[in-house]
Amino acid sequence: MSAGTLSVADLVVSGLIVLGSAFALIGSWGLVRLPSLMERLHGPTKATTLGLGAMLVASVAWFHLVEDVWTTHELLVSVFLFVTAPISANMIAKVHLHRLRQGEPSAGEGPAGTPGPPPGSADWATHEAPHEGTPGDFIGD
Amino acid sequence: MMKRLLPHPGLSLLLVSMWVVMVSDFTFGTLFLGLVFGVLVPIFTAPWWPDRPPARFVPAMTFLAIVLWDIVIANFEVAAIILFKSNRSLRPAWLIVPLDLTSPEAITVFACTISLTPGTVSSDISACGNYLLVHSLHAPDPAAAVTSVKTRYEARLKEVFR
């Protein structure tokens, strides 16, 4: 690529990178400014998904338009991100629920309060083993 | 015969395409090795998914398209909340979503979808498997939020895992 000229490829790739970084930055800002742990969980699980997505599309566009090869690794990165992000969010939420129940002073309750038990006799699965014959019950497997 | 060779055609297809995408080089050799994995892995892992519910292809693809679109929208919504909403006007809430889905696979997909889309993170399931605990970043009307999640995703998932 010669210096001084700006091709369409450069514009597309740089535009996508700026969009991606903007979303990553907003997600991190959310982590700083939202009131408590459960709200903070939303910033990194959402706003960064599109941030990373835009980066990956930029990578595909760069290799296709400039290097003239098709790469598909980026697709896999996004698939694994979509599979793993909810699980880590769920784990953090479960630990938080557990700490709330234990009454640990450092576990801030947050504006949403502490969730009540589900209707019926059963408790949440963080505090009680799955009942027999329900989804996720491994008795007899 | 076909059933024994390919006990899980969807998984086989997924493995073959994952392999080709990972190697990022579409030649006969790649495809062949991918096919070997696609046939062998489902046969050897069959003991780990004994009561797999059948998933239907067309509703599954429709569901996937809707979820991908919602993820993009969710990013803009959450970004707008982070940038323009003060902590005082923010209304976070715990939602208790009653489940109509019964199979663990369907509930897992539902919970993951909730975590990936507009301002909601699924946090827990009840020990009886009938309720999902969801935290919402901004839900002025919790009951409406529960209904919208149920009609938008759960109703479609019931079509997928029928």
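Brief remarks on what is shown
- Counting only other chain Cβ atoms within 10 Å of each residue's Cβ, the peptide B:70-82 averages 6.
- Of the residues B:ALA127, B:PHE76, B:ALA106, the one whose Cα sits farthest towards the positive end of the charge dipole of segment B:57-160 is B:PHE76 (charges of +1 on Lys and Arg Cβ, -1 on Asp and Glu Cβ, taken about the Cα centre).
- Full-stretch length increase - A:ASP10, A:HIS73 - with 0.36 nm per residue and alpha-carbon distance subtracted: 20.6 nm
- Nearest 10 degrees, 0 to 90: helix B:9-23 Cα axis against chain B principal axis: 90 degrees
- Packing-based exposure ordering (other Cβ within 10 Å, fewest first) of B:PHE76, B:PHE63, A:PHE23: B:PHE76, B:PHE63, A:PHE23
- Dipole magnitude of segment A:1-86, debye to nearest 20 (Cβ charges: Lys/Arg +1, Asp/Glu -1, about Cα centre): 440 debye
- Simple rule: put +1 on each Lys or Arg Cβ and -1 on each Asp or Glu Cβ in segment A:25-106, find the dipole, and look at A:GLY43, A:LEU31, A:SER106; the Cα lying farthest toward the positive end is A:SER106.
- Helix A:73-102 and the longest principal axis of the C-alpha atoms of chain A enclose an angle of approximately 30°.
- Angle of helix B:57-84 to the longest C-alpha principal axis of chain B, folded into 0 to 90 degrees and rounded to 10: 40°.
- Pairwise FRET efficiency - A:HIS98 versus B:LEU35, Cβ, R0 = 45 Å, nearest 0.05: 0.50
- Residue order for A:VAL60, A:VAL13, fewest other beta carbons within 10 angstrom first, comes to A:VAL60, A:VAL13.
- Separation between Cα centres of segment A:71-95 and segment A:27-59, rounded to whole Å: 13 Å
- Which of B:GLU154, A:GLU104, B:GLU105, A:GLU39 has the fewest Cβ neighbours within 10 Å, and the rest in rising order: A:GLU104, B:GLU105, B:GLU154, A:GLU39
FYI, it's all coordinate maths here, none of it is from the lab. Not measured: the values here are computed from a predicted model. Here Cβ is always computed from backbone atoms with ideal geometry, including for glycine, and neighbour counts include all displayed protein chains.
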